[in-house]
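The values are calculated or read from the model by the stated rules, or taken from the named source; none is laboratory data. Predicted model, so just to flag it, every value in this text is computed and none were measured. Positions of Cβ are generated from backbone atoms using ideal geometry, with glycine treated the same way; all protein chains shown enter the neighbour counts.
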Amino acid sequence: MDRKIGLKIRILANELNRKAAEILKEDGEASSSIQMRILNFIHRRNSQQVPVYQKDIEQEFDIRRSTATGLLQTMEKRLFIERRSYKEDNRYKTIILTELGQQRVKENIVKLHKFDELLVQGISEEHVTIFFDVMEKLSENSKKINKEGERIT
């Protein structure tokens, strides 16, 4: 099979990230879609009274520590989030949304819902379900491949 699935997924992911950044642009300054998705994640967890730590973001978005650090620093500079010492252990910093961050989340939820609706326009619910099933299987298979490119059993 010479379909280059990984390459097609990468190209689509890049297209979607660029389009989402364009949609979420504010005052001429683009916000990366990952930043906005992280804000949404923090918002969900904060609303459930669940503390958010950097490691939670790393795991949820499958990103490296250095990437998460850079993203969070940018979001802190833009006044979307604050890091506060955890009351039981000062080594840990909980991440909370500022008022500005909460406002951005509300605006972005509306924009991203519309974006998702437009993405699946003309695609049957059955095909969307199959798409998610295939994506899950590809993810599972990817995790079973070692650095030599061989399947781990």
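General remarks:
- The number of residues in the stretch 85-100 being within 22 Å of Ile38 (Cβ to Cβ), at pLDDT below 75 and of a type outside the set (Ser, Thr, Tyr) comes to 0.
- Odd one out for Asp62 among (1) farther than 23 Å from Lys143 by Cβ; (2) surrounded by fewer than 17 Cβ atoms within 10 Å (Cβ to Cβ): (1)
- Some residue of the stretch 113-129 being under 15 Å from the mean Cα position of the chain (by Cα) and among the small types (Gly, Ala, Ser): no
- For the stretch 73-109, the candidate set comprises residues that are assigned to a helix (DSSP H, G or I), touching a Lys or Arg at 6+ places or on another chain (Cβ under 9 Å) and without any contact (Cβ under 8 Å) to a residue 24 or more places away in the chain; within that set, the residue that is surrounded by the fewest Cβ atoms within 10 Å (Cβ to Cβ) is Leu100.
- Residue within the stretch 14-21 that is touching a residue at least 24 places away in the same chain (Cβ under 8 Å) and either over 30 Å from Ser142 (Cβ atoms) or acidic (Asp, Glu) (or both) present: no
- Enumeration of residues in the stretch 110-132 that are in contact with a helix residue (DSSP H, G or I) (Cβ under 7 Å, 6 or more places away or on another chain) and without any contact (Cβ under 8 Å) to a residue 24 or more places away in the chain: Val120
- Test: residue in the stretch 45-57 that is in contact with a strand residue (DSSP E or B) (Cβ under 9 Å, 6 or more places away or on another chain), part of a helix (DSSP H, G or I), over 30 Å from Glu136 (Cβ atoms) and without any contact (Cβ under 8 Å) to a residue 40 or more places away in the chain: no
- Pair list, Cβ < 8 Å and 6+ apart or interchain, from the stretch 133-153 residues that are assigned to a helix (DSSP H, G or I) to residues that are surrounded by 10 or more Cβ atoms within 10 Å (Cβ to Cβ): Leu138/Ile5; Leu138/Ile9
- Summed over the stretch 114-132, the residues that are closer than 17 Å to Glu15 by Cα and in a helix (DSSP H, G or I) give a count of 6.
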